[in-house]
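Any read-out appearing in this document is the output of simple, stated calculations on the displayed coordinates, not a laboratory observation. Please read these numbers as outputs of a predicted model, since none were measured by experiment.
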Amino acid sequence: MTCAELAARIELLQPDALPRDVARMCLLLANTVPDLSTLRDEARLAVAWLHTGWRLQSAADQHAAMTEELERLAQQDASRISPDQVRVLNERLLVPMNEFSYPDVTLWDPVTVREGIFIAG
């Protein structure tokens, strides 16, 4: 499967998506499987789509929490910020995106996916 083919499938899944969002999803989906041809299977594409959405939501939630914390700290007097607060914030900033892992979609059984039972098999 080529990126163009994957983009066409994404546009079917999300017809209102902007071209940059389609390109972003192509990259994210391509990084979920060792073999891009795996995504030709409707069920495996659906699972990869679902898990990629979860990853994006996790990253967005983490970003929102960090932004809130940074805004709160910015309103404080700098002398009142403890070293522990700086350490915790720094740890949050360094959490890599790949920490939000999920099962390899090549291992998912299409029958269980169709039935809504997401068990690796």
*Taking N as the number of residues in the stretch 1-77, what value does Rg over Cα atoms divided by 2.2 N^0.38 Å take?*
1.43
_Cα centroid separation - the stretch 68-86 against the stretch 23-67, whole Å_ = 34
